[in-house]
Each structure stands twice: as structure tokens, then as C-alpha cells.
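No lab work stands behind these numbers, since they all come straight from the coordinates. A quick note: this is a predicted structure, and the numbers were derived from the prediction, not measured. Ideal geometry is used to build each Cβ from the backbone, glycine not excepted, and the neighbour counts take in all protein chains shown.
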Amino acid sequence: MLKKLARFLVLILVLTTLFIPTKAIAASSSAVTSTFERKDLTGEDFSGQNLQLAEFTNVKLENANLSNTDLRGSVFNGVKAEKINLSGSDLTNGLTYLTNFDNADLTDAIFKEAVMLRSTFNNAQIEGADFTQAVLDNQQIIKLCKYAGGINSKTGASTRQSLGCP
């Protein structure tokens, strides 16, 4: 019950943030490391890079390599990320919305406290991925639980437990 309430509150917060306009605030160049908008980055290699707080909006990242990449606090909005390699990456506190992770390699990735709404994970490899306190659509959790397994090598979290699988 408490978990459902927490998810509902996070959903309300995300929807409020996305749909209620706010005043623009200037930021220093160090506040956002990278912004990618409406670009085709198919097959690009970002492996091992620091992309904390990066923003990917309406980007094609199909077959891209982001393995072992620091993506903490990053935003993926409307991203086509089929067959992306995120193995070993850290997307803690990230936001993915309307993002396609179908056939992606998410092995040993960290998605702690990430909000991953209206994103799909069909046939994604999630062995050892950590979804602790992440918010995903129930339909996606049910699908992922069918083949979830493993322990994350960095956090020690069980993939099944972090998803709340029965």
C-alpha cells in the first residue's frame, strides 16, 4: 500500500512538473553537462563518459553504446533507444518518459529512484539491473518480472526484489 502511494505521489509530481509551466531560471554551463535534442545518434559510442544531468530529447540512440556511463540525474524524453547498451551504467534519479528500451542491454545497470514512465522494455536484458525505488508502469513491471534475475555487482541489489516481483 505504501509503495503504491509513493508511486502515485511521484507520478503526480512528474506530471505537475511536465505540464505546468514554470519561470525559466538561468543555469551555469556546469549545471547541465550535455543537451541532445532532435539528433540522430544511432550507433554512437558514449561508453565510460560522465553524462550526469544530460538531456536527451527526441533523439535516436538505437544501437548506441552507453555502457559504464554516469547518467545520474539524466533525462531521456521521447528517445528511441532500441538495442542501446546501458550495461553497467548508472541512471540513479534519472527520468525516462516515452522512451523505447526494447532489446536493450541493461545488465548490471543502476536505475535507483529513477522515474521511468510510459517507457517500454520489451526483450531487454536486465540481469543484475537495480530498480530500487524506481517508478515504472505496472504493465512493464509485470513483463520484466517474467525474466528478472541476478544481483547488481555495485549495489548488491537483487533485480527481482528491486522490481517488487512476487
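Where both bridge residues fall in the chain, DSSP classifies roughly 5% of the beta bridges as antiparallel.
Listing Ile142, Ile12 from fewest to most neighbouring C-beta atoms within 10 Å gives Ile12, Ile142. In the frame of its principal axes, the chain has Cα extents of 45, 36, 24 Å, reported largest first. The count of lysine pairs in the chain whose Cα atoms are under 26 Å apart, excluding pairs fewer than 8 places apart on the same chain, comes to 26.
Taking neighbour counts of Cβ atoms within 10 Å as a proxy for exposure, in what order, fewest first, do Glu37, Glu62, Glu44 appear? Spell out each step's value before the answer.
Details: Glu37 11, Glu62 20, Glu44 17.
Ranking Glu37, Glu62, Glu44 by Cβ neighbours within 10 Å, fewest first, gives Glu37, Glu44, Glu62.
Only sites in a loop by DSSP and with at most 13 other Cβ atoms within 10 Å count here; which trypsin sites (Lys or Arg not before Pro) in the stretch 69-166 make the cut?
Here the trypsin sites (Lys or Arg not before Pro) that fit, given the DSSP loop and packing criteria, are Arg118, Lys146, Lys154.
Here the relative contact order of the stretch 58-113, from alpha carbon pairs under 8 Å that lie six or more residues apart, stands at 36 percent. Spacing of the modelled spin labels on Lys146 and Arg118, each 7 Å from Cα toward Cβ, amounts to 2.4 nm. In the neighborhood of Leu163, defined by Cβ-to-Cβ distances under 13 Å, what is the net charge if each Lys or Arg adds +1 and each Asp or Glu adds -1? Taking every Cβ under 13 Å from that of Leu163, the sum is +3.
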